[in-house]
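The values are calculated or read from the model by the stated rules, or taken from the named source; none is laboratory data. Worth saying up front: this structure is predicted, and the values here are computed from it rather than measured. Positions of Cβ are generated from backbone atoms using ideal geometry, with glycine treated the same way; all protein chains shown enter the neighbour counts. All accessible areas refer to the heavy atoms of the entire protein, side chains included, with ligands and DNA or RNA removed. Shrake-Rupley method; radii C 1.70, N 1.55, O 1.52, S 1.80 Å.
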Amino acid sequence: MEKSLDQIASLCKRRGFIFPSSEIYGGLNGFWDYGPMGSELKRNIRDAWWHFMVQWREDVVGLDATIIMNPRIWEASGHVGGFADPMVDCKDCKKRHRADQLCEEQGMKLVQDGKNWKLPEGCKCTACGSANLTEPRAFNLMFKTFVGPVEDDSAVAYLRPETAQAIFAQFLNIVPTSRKAVPFGVAQSGKSFRNEINPRNYTFRSREFEQMELEFFIRPDEAVELICGHVATLADKPDLDGDPQEDWGWEVWHRYWVEQRLKWYRLAGLPQGDLHLYWQTKEELAHYARACVDIEYAFPFGVQELEGIAARSDFDLTQHQKHSGKSMEVMDDRLRLAVAEKSEEEKVAFKARVVADWTTRGKDAAAAEAFVDGLFAGRYIPHVIEPSAGTDRLALALLCNAYDEEKLVDAKGKEDVRTVLRFSPAIAPVKVAVLPLVKNKPELKAKAREVYKKLQRRWKCFWDETGAIGRRYRRQDEIGTPFCVTVDFGTLGEEDPAQKDTVTLRYRDSMEQVRIPLAELEAKIAAAIEL
Ligand code: GAP
């Protein structure tokens, strides 16, 4: 079925998923709150991500850093100098636009001229049609604040625009305390803030949002070569489903994380067919990046980015080394032992090759020599692969994917439409609704409460005793509850002793109802909910 963002947003409001922030005061553009259902959905997304990326792995640890950090971090990362979008104003109607989006909306492309931007010929304001536009100018997206009581330049700080930088800034603390050696990763999820020029598409581009980021540190290819004698590339057809291998170079690691992330999206419930990979072209790549692929989802408003997976070389740690004066190099025992077994001739030949390779790529020969000397001493600055996902974008993608309107015809031939959110059970905000068939029979209600209390210890459950049972099922369909358990007269064994301690389990997607013993209920639900 065709799904519109308006239909989805309307259900989200009605059923407590997403509300405009500060709505009673007219809201605030680019800010959204998650209600009772939305907060459960987001928590399940975060948990599923954490399980897959951290808990189920031996080579990833976590971090929970502050949102406001020393502003020098953002100088080192390049955000103070360069985290900007091009902005234009219409001089007639005063509407402000993000210049690249304004061009795209008119089938044009913003012209990049060195560090400056230019609007293409014929570009107009999409609000009033005027061509009387300012030249594009850079607008830094970081939110500024002041730390402490004095509001002067020395007190300026920023709300983080990404969670990633804290991982680099804490690298020296994490390495010894985690007792992990490269290759290993550090994961963090949490709030990020960007003063977007034009927040749009519901929660898709917000000013306050959450990210789930992994910085996975790997050996430079040259270190892999010294250890393994060769560097595996994609041409070697590595088994990306199996365990990572010591001879993998950056290209294989990057592809491995793309595959891992696709696998995770499928587990979270997004169909493979709605996920697209966009490989950035050489011209689009940041100067330090070796590759970057966006995982995109087919939203109702177009195919758009859910996550970026970048091979960022040693750029970030090198920047923090330069700006902080603290060495970001790691000692690699495997490398040290491998180098100790090399002859002098092998080392001379290796160095000559690396220097030649670096200089043909336009890099400095002296830097190449210093790098190889470091490798010979067992030291290097790790490179990084960064899968960086947006929690809110995924929540929106899951809502769009789950939304369905199903035409039904009842026994009397009456047509009806059932609205249902077909979430995967692992992601669904509520796992089980417990429904006493009637509320005015104390023994029946007491039995249902007993079932509810027990299930509630394991999962988010919903108690609903009001309205006809069919209406109650429909309410659960609208929030995507995969299972309803109805406790009825049969459960009490009053009509048929054989039915004593059995309940009706109703499946959301098929609407099938089966009678099962209470003793089997938990195991049946658990099997379906596991990621
Ligand atoms: N550390 C790398 C980084 O932050 P990014 O592509 O700017 O990369 C990563 O952001 C992800 O964060 C995006 O793929 C998207 O899912 C999410 N994201 C970025 N800006 C967002 C915004 N304004 N609103 C909602 N999500 C956003």
Pairs where the first residue, in the stretch 83-108, is in contact (Cβ under 8 Å) with a residue 40 or more places away in the chain and the second is among the basic types (Lys, Arg) and open to solvent by less than 50 Å² (accessible area, probe 1.4 Å), C-beta under 6 Å, 6+ apart: Asp85/Arg98
Any pair with Cβ under 9 angstrom, 6 or more apart, that starts in the stretch 243-268 at a residue that is within 17 Å of Phe52 (Cα to Cα) and ends at one that is assigned to a helix (DSSP H, G or I) and modelled with pLDDT under 95: Leu262/Gln272; Tyr265/Gln272; Arg266/Gln272
The stretch 485-531 - residue that is free of Cβ contacts under 8 Å to residues at least 24 places away in the same chain and of a type in the set (Val, Ile, Thr) and, of those, most open to solvent (accessible area, probe 1.4 Å): Val514
Selection from the stretch 241-268 of residues that are open to solvent by 30 Å² or more (accessible area, probe 1.4 Å) and either out of contact with any strand residue (DSSP E or B) (no Cβ under 6 Å at 6 or more places or on another chain) or among the aliphatic types (A, V, I, L, M) (or both): Asp241, Asp243, Pro244, Gln245, Glu246, Glu251, Arg255, Glu259, Lys263, Arg266, Leu267
Some residue of the stretch 195-209 being more than 12 Å from the ligand (Cβ to nearest atom) and either touching a strand residue (DSSP E or B) at 6+ places or on another chain (Cβ under 9 Å) or open to solvent by less than 40 Å² (accessible area, probe 1.4 Å) (or both): no
Val417 being assigned to a strand (DSSP E or B), within 16 Å of the ligand (Cβ to nearest atom) and closer than 30 Å to Val303 by Cα: no
First in the stretch 382-396 and farther than 16 Å from Val258 by Cβ and outside any helix (DSSP H, G or I), second anywhere and of a type in the set (A, V, I, L, M) and within 6 Å of the ligand (Cβ to nearest atom), Cβ under 7 Å, 6 or more apart: Gly390/Leu306
Tally, over the stretch 113-136, of residues that are surrounded by 13 or more Cβ atoms within 10 Å (Cβ to Cβ) and either of a type in the set (A, V, I, L, M) or not in a loop (DSSP other than H, G, I, E, B) (or both): 6
Test: residue in the stretch 378-400 that is open to solvent by 70 Å² or more (accessible area, probe 1.4 Å) and more than 16 Å from the ligand (Cβ to nearest atom): yes
Verdict on Gln165 being within 9 Å of the ligand (Cβ to nearest atom), modelled with pLDDT of 95 or more and surrounded by 20 or more Cβ atoms within 10 Å (Cβ to Cβ): yes
Residue in the stretch 316-325 that is open to solvent by less than 40 Å² (accessible area, probe 1.4 Å), free of Cβ contacts under 8 Å to residues at least 40 places away in the same chain, at positive phi and of a type outside the set (D, E, K, R) present: no
Total residues in the stretch 312-335, condition part of a loop (DSSP other than H, G, I, E, B) and within 15 Å of Ser388 (Cα to Cα): 1
Residue list for the stretch 426-450, filter: assigned to a helix (DSSP H, G or I), more than 21 Å from Glu522 (Cβ to Cβ) and charged (D, E, K, R): Glu443
Single residue of the stretch 410-434 satisfying the filter (more than 18 Å from Asp509 (Cβ to Cβ) and among the hydrophobic types (A, V, I, L, M, F, W, C)) that is most open to solvent (accessible area, probe 1.4 Å): Ala411
Unique match (being of a type in the set (Phe, Trp, Tyr), at pLDDT 95 or above, open to solvent by 30 Å² or more (accessible area, probe 1.4 Å) and away from the ligand (no atom under 14 Å from the Cβ)) among Phe171, Phe146, Phe184: Phe146
Enumeration of residues in the stretch 125-174 that are of a type in the set (Phe, Trp, Tyr) and under 22 Å from Ile197 (Cβ atoms): Phe139, Phe143, Tyr158
